[in-house]
Amino acid sequence: MAELLLIVRLAGRRIACPASQVEGLVELEGIVPVPRAAPHVAGLSALRSRVLTVIDANAALGFQAEKDAVAGDAIVVPCDGHHYALRVEAVEDVVEASAPPAPMAAQAGRGWDRVALGMVDVGADLLLLVDLRRFIAGSPALAA
Amino acid sequence: MDDLINDFLAETREMLQALSGAIVAWETDPADRARLDEIFRFVHTVKGNCGFFELPRLRQLSHAAEDALAEVRAGRREADATLVSAVLAVIDRIGELVQALETGEPLASEDDEQLIAAVTGTAAPLLVEAQASPAAPAAKKGMRSIRLSVELLDRMMSGVSDAVLARNELARRLRDAPRDVAVEAAFERLSACIADIREAITRTRMQRIDNLFSALPRMVRDLAADLGKQVQLQVEGGEVELDREMIEMIRDPLTHIIRNAVDHGIEAPVDRASAGKPAAGRLKVSARQSGNQILIEVADDGRGIDADALVRRAVAAGTITGEAAERLSAADSNALIFTPGLSTAGEVTTISGRGVGMDVVRANVERIGGLVEIDSRPGQGVRLCMRVPLTLTIIPALTVSAGGQTFALPRAAIEEILRASGPTVRVERVGDARVATVRDRRVALIDLDDLLGTGPREGENDGRIILLKPGAGATYALRVDAVHDHEELVIKPAAPPVMAAGIYAGTTLADDGRPILLLDPSGIAAQAQLATVEQPADPESPATANEERGQATLLLFKSLDGRLRAAPVGTVERIEDVPAEAIGFSAGRLRARVGERILPLAGCDSPPASGRLRILRLSDGASQLAYAFGDVVDVRKAALDLQPAPQPGEIAGVALIDGQPVELLDVHWLFASHVEAVVSGHGRPAVCAIPADDPWMANMLRPLVESLGYRVVGEGVAADLVIASAEEAPPIAAQGAQLLRIRSSAEADGDNDDSIYRYDRAALVAALRRRRAGGAAHG
């Protein structure tokens with residue numbers, strides 16, 4: 001029972017995430033900022049009469065947030081009854097994992113450690129498999 | 001148990017309805033095995049279920065049918081026409097019994113034996129009424145209900161909320177598109193449908209607050225027993241309905257308040273005795289609806305809040321300064337109970353520590369858009385009032401903008417909206433803080449731009465100032481760039497990372513499809529670290545005091561013909577929407593049926609053709625009347641320079657408020673001319689005896705007598721006035737009682753006849769008035 005994986009590019013990396021965590025893809029337009037919220041909360045956006053909370057992937061990992069981004073691609077991640085739009089640089093493909101994910105053989109690196117589930121073989125490449133829901137809580141380093 | 005039986009009956013009825021097709025099919029083809037199985041399962045289920053209840057007839061019937069069908073299924077018996085008819089007759093009888101049990105009607109035919117004999121094949125074939133179709137009983141009158149899962153209702157509600165938002169989006173796109181009358185008409189229809197559905201679904205989610213109240217007697221009893229106290233609980237208003245979700249949201253706060261009242265409010269029997277109170281403390285929990293809010297009140301007759309101790313603790317904890325404490329009003333001192341970490345309880349008991357947790361109660365109630373108010377009288381008790389909206393999802397809100405972004409504010413927290421550059425407001429910078437002086441009040445000013453960090457505003461004096469009162473906290477001023485609109489918004493909870501900012505209560509979508517954040521007034525105060533206590537501007541200034549005296553708090557509204565009018569807030573009991581069909585001319589004037597009461601209606605000349613009418617329910621303490629109006633504009637405190645109207649009438653005069661002429665209602669005139677005079681006797685009411693066996697007297701005379709202030713009793717009872725028929729022998733009147741004889745013929749019987757013709761109303765009223773004055777003098 002191979003898991004379907006979504007391959008996206010975010011924060012400058014190609015990564016894989018379980019497709020089951022993703023409800024859809026959306027092109028964001030008109031993001032309304034949420035003043036005083038944590039840096040990874042990029043704002044709110046409407047999708048078919050529904051409010052999406054837009055998450056900036058860079059900031060969620062503890063990196064510098066994207067500057068003044070008002071539009072772009074995002075993946076819709078439902079979590080605990082709310083819908084989030086995680087901003088990504090590009091959505092590449094949906095593939096079947098050729099093998100179950102393996103534990104990380106090395107440190108994923110600052111920021112990435114917290115979201116990493118393991119590594120996964122996708123075709124010829126070995127990609128980082130991430131838990132999208134861990135992006136939503138934001139970076140503890142920044143919150144502190 | 002009753003619930004279980006009702007569930008069982010409803011279920012059986014549903015199964016019968018579902019089965020009707022199978023029965024018809026089986027009747028035409030008795031060999032149809034699938035149908036046979038379906039019917040077998042039905043009787044089997046009914047038999048199994050009635051085992052739990054005392055329903056012997058249903059059990060016997062279903063048992064017999066089950067046995068017979070089991071024989072057929074096992075191939076031991078042929079499903080011939082006789083058997084089919086007999087089984088169908090049994091199923092019909094089950095339907096009739098269920099119907100009778102549900103409606104409480106007398107049971108149908110008592111003779112089940114014959115049917116059972118027919119099914120078991122021990123009797124001669126029976127002639128069963130062929131027309132007895134199973135659908136017929138269900139079509140009879142009776143409660144028609146189905147059971148739905150709560151989850152489904154929630155889904156429907158969220159679906160309809162989405163539909164409202166989708167409608168709004170469509171409206172926006174239609175505005176941008178070229179005008180098309182046909183499309184617009186269709187859209188209007190769609191809008192109306194969605195509004196109807198929303199209302200209906202909102203109602204399906206309504207639940208009687210009894211669901212919450214029913215657990216209270218047991219809880220209070222147990223608590224009182226644990227604490228060695230005696231508590232008499234009185235619960236009122238259980239029939240009030242509110243959103244199911246809301247009931248869940250207020251469950252904990254209510255429990256907490258009641259625990260507090262029993263634990264810390266009501267004293268031990270010994271202490272009560274020494275305070276001269278009855279040993280059993282009284283605790284009253286009541287609910288009532290007021291406009292689109294529900295008021296839940298918990299009142300005890302215990303020792304009240306020790307306000308001094310509370311203030312001492314607040315000073316010790318550094319919540320307020322000693323100087324500020326000196327100037328606290330009684331109400332403000334009591335409100336300190338909502339401050340986190342303050343408790344007046346000498347020791348914190350296992351039940352509760354008054355104060356500990358009251359901040360949580362307030363926070364929880366405010367989170368759902370409600371308010372908590374407290375009123376305490378030392379030695380006499382505490383009254384806590386929770387005001388919560390009817391539903392969580394749709395709230396009246398005001399949209400404002402700051403830093404180029406639109407936000408919404410819950411209308412419930414807004415006290416007043418002022419022009420920042422207006423004459424009534426003065427803004428000063430004190431250190432780094434800003435203080436707004438509005439008339440005689442000095443409140444902290446929060447600049448929404450600063451708070452949100454959306455960049456500095458240009459100029460000092462533009463924008464609007466909104467006075468916000470977050471629950472029991474101090475009023476503060478919020479400066480925004482502009483105030484836009486009053487709207488009913490569909491509020492959805494915001495995602496946790498958004499809520500974490502601490503100043504938002506939810507999200508909604510604007511008509512243009514953009515998300516709007518709903519601001520949380522308490523959260524803003526907390527984030528801005530405002531002092532919790534309001535300070536009067538200059539308590540010594542006599543001018544301020546005088547000004548205050550000349551001011552009236554007024555409800556500003558638009559009348560039905562669009563005029564700006566005002567009524568003193570104190571006379572407005574509540575605002576209600578009344579459907580057009582509840583309004584009509586009766587007994588010579590326009591009246592409105594409001595809840596259980598019929599009120600005289602002023603403010604309009606004719607009943608509306610359709611739709612709903614908004615009314616102010618005015619009260620003078622004893623009677624009420626309804627006043628039709630269009631829209632609420634504002635609640636304002638204003639010093640009135642009234643130009644009186646030339647002649648007495650609905651309008652007392654006109655005054656300028658914020659430069660606009662406002663007509664002030666003459667509430668006294670309204671009551672004087674619209675409310676039927678209630679004549680009250682001086683001292684005890686005069687008593688009038690009326691023959692009880694005379695229908696004309698009981699039905700027609702009695703109301704007239706009562707309307708003139710008499711208390712009516714039957715004959716033979718001591719009375720001030722005895723009324724008797726002139727045609728009968730005069731009764732033996734008691735000492736001091738006067739006699740009034742009434743004849744049924746218009747002609748007097750000779751000159752000495754002092755009786756009054758029964759339809760000579762003027763003479764009757766005059767005689768009753770005269771004698772009442774005499775009677776009261778006796779008493």
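The values are calculated or read from the model by the stated rules, or taken from the named source; none is laboratory data. This structure is a prediction, so every number in the text was calculated from the model and none was measured. Heads up, the Cβs are rebuilt from the backbone with ideal geometry, glycines too, and the neighbour counts pull from every protein chain shown.
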Report every pair of residues separated by at least 6 positions or lying on different chains whose Cβ atoms are under 9 Å apart, first residue within region B:10-21 and under 18 Å from B:Arg93 (Cβ atoms) and modelled with pLDDT under 75, second among the basic types (Lys, Arg) and not in a helix (DSSP H, G or I).
none
Consider region A:8-42. How many of its residues are without any contact (Cβ under 8 Å) to a residue 60 or more places away in the chain and facing chain B (nearest Cβ under 8 Å)?
7
Can you name the residue in region A:68-78 that is buried (at least 17 other Cβ atoms within 10 Å of the Cβ) and either in contact with a helix residue (DSSP H, G or I) (Cβ under 8 Å, 6 or more places away or on another chain) or at pLDDT below 85 (or both) and, of all such residues, is nearest to the other protein chains (Cβ to nearest Cβ)?
A:Val77
Failed condition for B:Asp29, given (1) acidic (Asp, Glu); (2) more than 16 Å from B:Ala118 (Cα to Cα); (3) within 52 Å of the chain's Cα centre (by Cα)
(3)
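Each row is one residue, and each column tells you yes or no for (1) within 34 Å of the chain's Cα centre (by Cα); (2) assigned to a loop (DSSP other than H, G, I, E, B).
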residue	(1), (2)
B:Ala626	yes, no
B:Val632	yes, no
B:Arg636	yes, no
B:Asp641	no, yes
B:Gln647	no, yes
B:Ala652	yes, no
B:Leu656	no, no
B:Pro661	no, no
B:Leu664	yes, no
Evaluate region A:59-67: report whether one residue or more is modelled with pLDDT of 85 or more, surrounded by 12 or more Cβ atoms within 10 Å (Cβ to Cβ), within 30 Å of B:Asp520 (Cα to Cα) and within 14 Å of chain B (Cβ to nearest Cβ).
yes
Take B:Arg179 and decide whether it is at pLDDT below 85 and loosely packed, with under 11 Cβ neighbours inside 10 Å.
yes
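List the strands (runs of 3 or more DSSP E) that sit entirely inside region A:81-144 and contain at least 3 residues that are away from chain B (no Cβ under 14 Å) and out of contact with any Cys (no Cβ under 9 Å at 6 or more places or on another chain). Walk me through it before giving the result.
Working: elements: A:82-87, A:90-96, A:116-122, A:125-130.
By residue number, A:90-96, A:116-122, A:125-130.
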Every residue in region B:501-523 that is part of a strand (DSSP E or B), of a type outside the set (Phe, Trp, Tyr) and facing chain A (nearest Cβ under 10 Å), please.
B:Gly506, B:Thr507, B:Thr508, B:Leu509, B:Pro515, B:Ile516, B:Leu517
Identify all residues within region B:746-779 that are modelled with pLDDT of 75 or more, within 16 Å of B:Ile723 (Cα to Cα) and not in a helix (DSSP H, G or I); write none if there are none.
B:Asp754, B:Ser755, B:Ile756, B:Tyr757, B:Arg758, B:Tyr759, B:Asp760
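The rows are residues; the columns are (1) within 14 Å of chain A (Cβ to nearest Cβ); (2) at pLDDT below 80; (3) touching a Leu at 6+ places or on another chain (Cβ under 6 Å); (4) closer than 27 Å to B:Asp7 by Cα.
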site: B:Thr122; (1), (2), (3), (4): no, yes, no, no
site: B:Glu129; (1), (2), (3), (4): no, yes, no, no
site: B:Ala138; (1), (2), (3), (4): no, yes, no, yes
site: B:Ser145; (1), (2), (3), (4): no, yes, no, yes
site: B:Leu152; (1), (2), (3), (4): no, no, no, yes
I need the full set of residues from region B:481-500 which are more than 13 Å from chain A (Cβ to nearest Cβ) and either under 30 Å from the mean Cα position of the chain (by Cα) or not small (Gly, Ala, Ser) (or both), in order please.
B:Asp481, B:Val483, B:His484, B:Asp485, B:His486, B:Glu487, B:Glu488
Let me spell it out: the conditions are (1) under 19 Å from B:Leu69 (Cα atoms); (2) surrounded by 14 or more Cβ atoms within 10 Å (Cβ to Cβ), and B:Gly21 meets all of them except one. Which number is the exception?
(2)
Of the listed residues (B:Asp561, B:Asp538), the one being at pLDDT 80 or above and assigned to a loop (DSSP other than H, G, I, E, B) is B:Asp561
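Go through region A:1-40 residue by residue and tally those that are in a strand (DSSP E or B) and not small (Gly, Ala, Ser). Give the derivation first.
To start, the set of residues in region A:1-40 that are in a strand (DSSP E or B) comprises A:4-10, A:13-18, A:24-29, A:32.
Adding the requirement that they be not small (Gly, Ala, Ser) leaves A:4-10, A:13-15, A:17-18, A:25-29, A:32.
Matching residues across region A:1-40 total 18.
Do we have any residue at all in region B:402-418 that's within 14 Å of chain A (Cβ to nearest Cβ) and β-branched (Val, Ile, Thr)? So that I can check it myself, show each step before the final result.
Quick first cut of region B:402-418, residues within 14 Å of chain A (Cβ to nearest Cβ) only: B:402-408.
In the following step, the residues that additionally are β-branched (Val, Ile, Thr) were identified as B:406.
Within region B:402-418 (the criterion being within 14 Å of chain A (Cβ to nearest Cβ) and β-branched (Val, Ile, Thr)), the answer is yes, since at least one residue qualifies.
When you scan region B:641-661, do you find a residue that is over 22 Å from B:Arg563 (Cα atoms) and either at pLDDT 80 or above or crowded, with 16+ Cβ neighbours inside 10 Å (or both), even just one? Walk me through it before giving the result.
Here is the first cut: in region B:641-661, the residues over 22 Å from B:Arg563 (Cα atoms) are none.
For region B:641-661, residues over 22 Å from B:Arg563 (Cα atoms) and either at pLDDT 80 or above or crowded, with 16+ Cβ neighbours inside 10 Å (or both): absent.
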